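These notes concern the structure reproduced below.
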Amino acid sequence: MSAPFSLSSKLPATGTTIFTVMSKLATDLGAINLSQGFPDFDCDPALIDAVTRYMREGRNQYAPMQGVPALRQAISAKYDTFHSRRYDPDTEVTVTSGGTEAIFDAVTAVLQPGEEAIILEPCYDCYLPAIELCGGVPVAIPLQLPDYSIDWDAIRQAITSRTRVIIINSPHNPTGAIMTTEDVRELTSIVSGTNIVIVSDEVYEHLIFDGAQHESMARHPELAARSFIVGSFGKTYHVTGWKVGYAVAPAALTAEFRKVHQFVTFSTITPVQLAIADVLATQAGLRELGPFFQAKRDLFLRLMNGSRFRALPCGGSYFQLMDYSDISREEDVDFAVRVTKEHGVASIPTSPFLSRSKAPRVLRFCFAKKDETLQKAAERLRVI
């Protein structure tokens, strides 16, 4: 009799993502889904028309590995317009199948086994697995409550000769925090004279509020020279299901990035790339995204007045953190599940964004929803 088959997991601590769990619970119960980060309103019909046109024209075969030229050129032009930095569309811009792929490709391209990657927690849940799958060592630095600011002294103390990567995220998921000019100065000071590479997750780059400037790594030459900058058209054009993202980086970094990318997805859906290129080339609507989502944030906060939830600062993204300490002493996952079952509103607990530190009593709500959806959700939450 043969020995039983056995398998040692490369990600033993990883299960089904909390986004999948809470969205399924919302669907099963018919709850209002403010958990997973996607809009419940549609994209510009012109974008749908453009995709359909390109499909009917027969543009349905493989795109170039690095992305269709028109889209890479439009991405380059956008960085020139918004951040006064031009990335060469041929050697410094790569289209990927979503921002998550771009983050994985960037980390895998530069992180050797045994090298360290600093992450700031809470953080998007793909960072840690990407580090671990390449044999890297994650070094988690907690963000500082109540505003989730970055503890730069803690980062300095964490730097060693093995530090290869720092992953940053602004606007931040799940907290909505944004980097400031002082943060940029601190980061520049820390990496200056080192071989540290920055992976900058900027997928919510146009969703920034209250007149603030998005401090993209592209705006700062010393940081841009060592940074992969990751973006997502799913967030920009309300088409998260299309999974089209990109990375911009200096040519030497891009060359290594593409070595990984070509064996992960190789290329991304051709007619969608062409349609996005048409829309992005005009840059129409990009400056209106911040005010649009700020109005959504402000509406949700007004609607939550009178509830026992306490709103935390949100400077960008389309997520609002709410402290529920005055309501319950339950752990965040238990409370989120109970609110979904008993009150019909699904949210995301923050503990799955943490690898070490204990989660505060905070839930994340997505406000990228129709006004009537936010109204119904707030009515239910106010009675808790």
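Arrange the peptides 24-34, 125-135 so that the one whose residues have, on average, the most other Cβ atoms within 10 Å appears first.
Working: 24-34: 17.5, 125-135: 19.4.
For the peptides 24-34, 125-135, the packing ranking is 125-135, 24-34.
For Tyr62 and Ser6 in the same chain, what is the full-extension length gain: residue separation times 0.36 nm, less their Cα-Cα distance, in nm? Could you put the intermediate results ahead of the total?
On the way: separation 56, 0.36 × 56 = 20.16 nm, distance 3.77 nm.
Using 0.36 nm per residue and subtracting the Cα-Cα distance, I get 16.4 nm.
State to the nearest 20 debye the size of the charge dipole of the stretch 1-122 about its Cα centre, where the only charges are +1 on K and R beta carbons and -1 on D and E beta carbons.
On the way: 9 positive and 15 negative charges, 52 e Å.
The calculation lands at about 260 debye.
Using modelled amide H (1.01 Å from N, peptide plane; none on Pro or chain starts), what sits under 5 Å from the amide H of Ser149, excluding residues fewer than 5 places away?
The answer is Gln144.
Applying 1/(1 + (r/R0)^6) with R0 = 25 Å to the Cβ-Cβ distance of Asp80 and Thr188, what FRET efficiency is obtained, to the nearest 0.05?
Numbers: r = 22 Å, r/R0 = 0.88.
E(calc), rounded to 0.05, equals 0.70.
For the chain, modelled as a Gaussian network with Cα springs under 10 Å, which listed residue fluctuates most, Phe335, Phe353, Phe41?
Result for the chain, Cα springs under 10 Å: Phe41 fluctuates most.
Bin width 5 Å, alpha-carbon pairs only: give the P(r) of the stretch 22-87 as whole percents, running from 0 to the bin holding the largest distance.
3, 12, 11, 13, 13, 16, 14, 11, 5, 1
Which stretch or stretches of the stretch 314-350 have amide N atoms under 15 Å from the point lying 7 Å from Asp40's Cα along the Cα→Cβ direction?
Answer for the stretch 314-350: 340-341, 343-348.
Could you identify which residue out of Gln273, Gln61, Gln144 has the top mean-square fluctuation in a GNM of the chain using Cα springs shorter than 10 Å?
Gln61
Using a 7 Å offset from the Cα along the Cα-to-Cβ direction at both Arg308 and Glu288, what is the distance between the two label points in nm, to one decimal?
4.2 nm
Of the beta bridges DSSP finds with both residues in the chain, what % are antiparallel, to the nearest 5?
If I count the DSSP bridges inside the chain, around 50 percent turn out antiparallel.
Report the label-to-label distance for Leu133 and Thr52 in nanometres (one decimal), using points 7 Å from each Cα along the Cα→Cβ vector.
3.6 nm
Between the stretch 180-226 and the stretch 265-310, what is the C-alpha centre distance in whole Å?
Cα centres, the stretch 180-226 to the stretch 265-310: 21 Å.
Against the empirical 2.2 N^0.38 Å scaling, what ratio does the C-alpha Rg of the stretch 1-59 come to? Before the final figure, lay out each step's value.
Numbers: Rg = 21.0 Å, N = 59, 2.2 N^0.38 = 10.4 Å.
Normalised Cα radius of gyration, the stretch 1-59: 2.02.
Under 15 Å from a point placed 7 Å out from the Cα of Ala158 along the Cα-to-Cβ direction: which residues of the stretch 342-365 have their backbone N that close?
Only 353-358 pass the distance filter.
Calculate, in whole percent, how much of the Cα-Cα pair population of the stretch 343-384 lies beyond 12 Å. Before the final figure, lay out the partial values.
Values: 565 of 861 pairs.
Result: 66 percent of Cα pairs exceed 12 Å.
Quote to one decimal, in nm, the extra length available between Arg338 and Asp151 on full extension: 0.36 nm per residue of separation minus the C-alpha distance between them.
On the way: separation 187, 0.36 × 187 = 67.32 nm, distance 3.33 nm.
Going from the current span to full extension adds 64.0 nm.
In deg cm²/dmol, rounded to 500, what helix-only [θ] at 222 nm does the chain give when every DSSP H run of at least 4 residues adds -39500 (n - 2.57) and the total is split over its residues?
Working: 14 runs with 147 residues, N = 384.
That calculation yields -11500 deg cm²/dmol at 222 nm.
Viscosity 1.002 mPa s, temperature 20 °C: give me the Stokes-Einstein translational D for the stretch 255-361 in µm²/s, with Rh taken as the Kirkwood radius over C-alpha pairs.
Details: Rh = 17.9 Å.
Here the translational diffusion coefficient equals 120 µm²/s.
Which whole-number value in Å³ per residue fits the convex hull of the alpha carbons of the stretch 119-188? Kindly include the intermediate steps, with their values, before the conclusion.
Details: hull volume 5.8 nm³, N = 70.
About 84 Å³ per residue, rounded to a whole number.
Counting Lys and Arg as +1 and Asp and Glu as -1, what is the net charge of the other residues whose Cβ lies under 12 Å from the Cβ of Pro313? Can you show the working numbers first?
Numbers: positive: Arg297, Arg310; negative: Asp147, Asp210, Asp323.
That sum, taken over residues with Cβ under 12 Å, equals -1.
Does the stretch 46-282 come out rounded, prolate or oblate, given a ≥ b ≥ c as the square roots of the eigenvalues of its C-alpha gyration tensor, rounded meaning a/c under 1.5 and, failing that, prolate meaning a/b above b/c? The partial results should precede the final answer.
Numbers: a/c = 1.90, a/b = 1.55, b/c = 1.23.
Because a/c hits 1.5 or more and a/b exceeds b/c, the stretch 46-282 counts as prolate.
Please state the charge dipole magnitude for the stretch 280-346, taken about the Cα centre, from unit charges on C-beta atoms (+1 on K and R, -1 on D and E), reported in debye and rounded to the nearest 20.
Numbers: 9 positive and 9 negative charges, 55 e Å.
So the magnitude is around 260 debye.
Using R₀ = 56 Å, calculate the FRET efficiency as 1/(1 + (r/R₀)^6) where r is the Cβ-Cβ separation of Ala281 and Leu301; round to 0.05. Working shown, then result.
Numbers: r = 35 Å, r/R0 = 0.63.
Efficiency for this residue pair is about 0.95.
Averaging over all projection directions, find the projected area of the Cα convex hull of the stretch 179-277 and quote it in nm² with one decimal place. Working shown, then result.
On the way: hull surface 30.0 nm².
Computed as one quarter of the Cα hull surface, the answer is 7.5 nm².
Suppose every K and R has +1 on its Cβ and every D and E has -1 on its Cβ; what is the size of the dipole of the stretch 46-282 about the Cα centre, in Debye to the nearest 20? Display every interim value, and only then the final one.
Values: 17 positive and 27 negative charges, 159 e Å.
Dipole about the Cα centre, nearest 20: 760 debye.
May I ask which of Lys10/Lys358; Lys10/Lys370; Lys78/Lys369; Lys341/Lys369; Lys259/Lys296; Lys10/Lys259 have a Cα-Cα span longer than 29 Å here?
Numbers: Lys10/Lys358 24 Å; Lys10/Lys370 40 Å; Lys78/Lys369 26 Å; Lys341/Lys369 20 Å; Lys259/Lys296 40 Å; Lys10/Lys259 22 Å.
Pairs exceeding the cut-off: Lys10/Lys370; Lys259/Lys296.
Read-outs: derived from the displayed coordinates by stated rules, not from any lab. These numbers come from a predicted model, not from an experiment. Note that we place each Cβ from the backbone using ideal geometry, even for glycine, and neighbour counts take in every protein chain shown.
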